[in-house]
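Below: the structure, in structure tokens.
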Amino acid sequence: MAVKILTEHINVPNINTFEVYRKMGGYTAVEKALKTMTPEEVVEEVKKSGVRGRGGAGFPMGMKWSFLAKPEGVPRYLVCNADESEPGTFKDHYLMREIPHLLIEGMIVSSFALGAKKSFIYVRGELMYVIKILEKAIAEATAAGFLGKNILGSGYDLELVVQPGGGAYICGEETALLESLEGKRGNPRNKPPFPAVKGLYQSPTVVNNVESIANTPWIINNGGETYAGLGVGRSTGTKLISASGHINKPGVYEIPLGITVEDFIYADEWCGGIRPGHHLKAVIAGGSSVPILPAKLILNLANGDKRLMTYESLSDGGFATGTMLGSGGFIAMDETACIVRNTWTFARFYHHESCGQCSPCREGTGWMDKVLERIETGKGNMRDIDLLVDVAKKIEGNTICPLGDAAAWPIASAIRHFRSEFEWHITHPQEATQPGAVYRGEMELV
């Protein structure tokens with residue numbers, strides 16, 4: 001069985017309580033870090049681990065920590081991004097709900113490493129019941145002496161605050177999150193300055209997501225080099241994957257980075273294959289913002305080698321034949337899925353969630369939404385396909401934050417790999433608009 005870093009004890013009865021979590025070895029990383037290590041040594045272990053940000057960007061977490069400015073007399077902050085709004089992604093929600101003390105322990109260790117005396121967990125506003133779970137866990141940890149003043153007699157103080165968000169996808173972008181945390185409209189900031197220099201309240205700030213921070217207790221207890229020994233190459237450790245779609249066993253899986261995509265989809269240990277009587281058509285590997293790939297390209301690289309569940313392998317081939325691991329929102333589709341309809345669904349989402357600050361995103365997402373609606377409802381023409389590609393190109397790379405790219409990539413990749421399906425919707429409008437209608441032309445199914 002593969003090593004489990006985050007979910008080893010997740011099914012233990014009452015693991016969400018301090019008492020049971022402590023019995024299973026919880027908070028030993030806090031004891032080790034505060035009693036036997038310096039903040040610099042904790043940062044160094046995280047750097048050795050090679051752990052990369054699990055929110056989507058995949059930037060090395062230890063390196064991000066080392067960028068934090070440390071001016072005299074200025075507070076520093078750690079902010080946990082628990083907004084998790086990417087369609088198809090629900091692994092952070094699962095972690096917070098089932099084993100909240102793992103995140104709390106990670107926040108304490110990480111805050112100590114960064115010299116933060118007050119830290120925040122910013123949770124998507126719709127998840128109020130999860131916020132209550134976290135607040136209960138914080139109260140239990142405080143009562144046990146692991147939060148508050150002079151933790152474990154170390155002289156280190158930490159206040160941990162859970163802040164509900166306003167339910168805006170844009171607040172998953174770290175600077176928009178900081179604006180929201182300060183009580184402002186969640187608009188992304190121009191960079192530089194970066195949050196490591198001027199973040200929350202114009203003070204040095206690190207923003208990491210739930211899964212990233214939850215890895216730190218294991219790294220401190222077992223060593224950064226041990227963590228780096230798991231996985232493949234620069235894709236070290238394990239990864240939580242939110243698996244959904246036309247598979248037999250949807251759910252959250254902690255996988256060792258480096259298994260093949262084919263194994264992840266078809267092995268009984270993971271997704272258990274495509275539902276009976278159907279075949280794999282396409283996969284969105286890392287949440288709605290990453291390029292969609294047809295079955296043949298998600299299972300194999302362009303050279304025929306098996307594609308792996310790693311940052312590097314999934315991106316192999318660029319956007320021509322590759323995609324991204326992203327936030328780990330793995331959506332599998334069989335031959336009954338309509339690519340046009342799914343693309344339009346994503347386009348409506350990004351149009352709705354654009355903050356409106358940048359013209360290319362504000363206007364472009366609306367245009368893509370309208371054109372895709374036209375095609376899906378049988379009113380499109382062949383020029384619309386190239387129009388969508390042109391609009392996507394004009395959005396990509398021309399916005400303050402990545403939401404514009406996130407809106408453009410799914411549409412460009414859907415047309416790149418499934419153009420014939422878009423053409424069928426235009427040339428057969430009466431057939432395509434029937435309830436449950438699906439393109440049955442040439443498709444490479446697996």
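Computed over neighbours whose Cβ is under 9 Å from that of residue 7, the net charge equals -2, Lys and Arg +1, Asp and Glu -1. In a reduced charge model with +1 at each Lys and Arg Cβ and -1 at each Asp and Glu Cβ, the range 339-432 shows a dipole moment near 80 debye about its Cα centre. Mean residue ellipticity at 222 nm, helices only, the chain: -12500 deg cm²/dmol; runs of at least 4 DSSP H residues each add -39,500 (n - 2.57), and the sum is divided by the number of residues.
Charge dipole (Cα centre; +1 on Lys/Arg Cβ, -1 on Asp/Glu Cβ; no other charges) of the range 232-334 amounts to roughly 180 debye. Structure remark: mean-square fluctuation, Gaussian network model of the chain, C-alpha springs under 10 Å; the largest value among 428, 417, 101 belongs to 428. Other residues with beta-carbon under 11 Å from the beta-carbon of residue 371 carry, at +1 per Lys or Arg and -1 per Asp or Glu, a net charge of -2. Converting the Cα gyration tensor eigenvalues of the chain into ellipsoid dimensions via √(5λ) gives semi-axes, longest first, of 40, 25, 18 Å. Computing FRET efficiency as 1/(1 + (r/R0)^6) for residue 8 and residue 150, where r is the C-beta to C-beta distance and R0 is 25 Å, gives about 0.20. Springs join every pair of Cα atoms under 10 Å in this Gaussian network model of the chain, and among 390, 263, 92 the largest mean-square fluctuation is at 390. Of the beta bridges in the chain, as assigned by DSSP with both residues counted there, near 50 percent are antiparallel.
So for each of 17-24, 45-52 I average, over its residues, the number of other beta carbons within 10 Å; can you give me the resulting order with the highest mean first?
45-52, 17-24
Local charge sum around residue 235 (other residues, Cβ-Cβ under 11 Å, Lys/Arg +1, Asp/Glu -1)?
With Lys, Arg at +1 and Asp, Glu at -1, the net is +2.
Only residues of the range 52-95 count here: report those whose backbone N is under 16 Å from the spot 7 Å along Cα→Cβ of residue 184, or say none. Residues passing the 16 Å test: none.
Give the calculated FRET efficiency between residue 31 and residue 301 to the nearest 0.05, with a Förster radius of 45 Å applied to their Cβ-Cβ distance. Please list the in-between numbers first.
Working: r = 45 Å, r/R0 = 1.00.
It comes to 0.50.
Calculate, for residue 263 and residue 132, the FRET efficiency according to 1/(1 + (r/R0)^6) with r their C-beta to C-beta distance and R0 41 Å; round to the nearest 0.05.
Efficiency computed from Cβ-Cβ geometry: 0.60.
Taking the charge dipole of the chain about its Cα centre, with +1 at Lys and Arg Cβ atoms and -1 at Asp and Glu Cβ atoms, the residue from 160, 99, 230 reaching farthest to the positive side is 160. Accessible surface calculations at 1.4 Å, restricted to protein heavy atoms, place the range 232-334 at 31 Å² per residue. Ignoring solvent entirely, what values of log10 I(q)/I(0) come out of the Debye formula for the range 263-383 at 0.11, 0.13, 0.16, 0.18 Å⁻¹ when each Cα is a single scatterer? Evaluating at q = 0.11, 0.13, 0.16, 0.18 Å⁻¹ gives log10 I(q)/I(0) of -0.46, -0.62, -0.88, -1.04. Here's the picture: charge each Lys and Arg Cβ at +1 and each Asp and Glu Cβ at -1 in the range 232-334, and of 304, 293, 256 the one pushed furthest to the positive end of that dipole is 293.
Rounded to the nearest 5, what is the percent of antiparallel bridges among the DSSP beta bridges in the range 232-334?
80 percent
For the range 162-206, a simple Cβ point-charge model (Lys and Arg +1, Asp and Glu -1, everything else neutral) yields a dipole of about 140 debye relative to the Cα centre. Excluding ligands, DNA and RNA, what is the solvent-accessible area per residue of the range 18-229 at a probe of 1.4 Å, expressed in Å²? I get 38 Å² per residue for this part.
For the peptides 141-150, 326-335, the ranking by mean Cβ contacts within 10 Å, running from highest to lowest, is 326-335, 141-150. Surface composition of the chain: carbon and sulfur make up 53 percent of the accessible area, probe 1.4 Å. The distance from the alpha carbon centre of the range 251-294 to that of the range 333-348 is 17 Å, rounded to a whole number. For the chain, with a Gaussian network of springs between Cα atoms less than 10 Å apart, report the residue from 108, 241, 385 with the top mean-square fluctuation. In this elastic network of the chain, the residue with the biggest mean-square fluctuation among 108, 241, 385 is 385.
The values are calculated or read from the model by the stated rules, or taken from the named source; none is laboratory data. Predicted model, so just to flag it, every value in this text is computed and none were measured. Positions of Cβ are backbone-derived with ideal geometry, glycine not excepted, and every protein chain shown enters the neighbour counts. SASA here: full protein model, heavy atoms, side chains in, ligands and nucleic acids out. Shrake-Rupley method; radii C 1.70, N 1.55, O 1.52, S 1.80 Å.
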